[in-house]
Amino acid sequence: MMGGSMRIAIIVVLVLAIAGLILWAANRTPEAQPAAPAVGVAEGTTAVVDFPEVPRVPLAQAKQEIDSGKYTVIDVRDAESYITDHVPGAIHIPLARVEGEIPYLPKGKPIITYCT
């Protein structure tokens, strides 16, 4: 039979091995995939997309559908940036307040967020 200190040593090694595997998996670099342009990026340029599962809309299509009222546009930039220039009809909700405003957002329309 193993002594108590031997069992503790084995448990510590197993815990460290599992923690190492978790850290390794969390820090793995995913295979490179081409980034899709985000809405609001000037045509002909690209942006790094951090959330590939979030649907993207081509700029020309987004403009047409925003103009037709199909989308709700939320400008999450700071007040100074919004005052300087913004998408016509955009609702200004600073990013820090978005979560608290969710119950008051228009329902039944996709939302496009505008940020820097």
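Take the residues of the range 77-99 that are of a type in the set (Asp, Glu) and either more than 23 Å from GLU65 (Cα to Cα) or surrounded by 15 or more Cβ atoms within 10 Å (Cβ to Cβ) (or both): which is nearest to the chain's Cα centre (by Cα)?
Selected residue: GLU99.
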* Cβ pairs under 8 Å, 6+ apart, first in the range 51-76 and at pLDDT below 80, second surrounded by 12 or more Cβ atoms within 10 Å (Cβ to Cβ) and assigned to a helix (DSSP H, G or I) -> VAL57/GLU65
* Quick one: what pairs do we get from the range 82-109, first residue free of Cβ contacts under 8 Å to residues at least 24 places away in the same chain, second polar (S, T, N, Q) and surrounded by 10 or more Cβ atoms within 10 Å (Cβ to Cβ), C-beta under 8 Å, 6+ apart or different chains? -> ILE91/THR72
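The values are calculated or read from the model by the stated rules, or taken from the named source; none is laboratory data. It should be emphasised that the depicted structure is a prediction, and the values quoted were computed from it without experimental measurement. In this analysis, Cβ positions are derived from the backbone assuming ideal geometry, glycine residues included, and neighbour counts consider all displayed protein chains.
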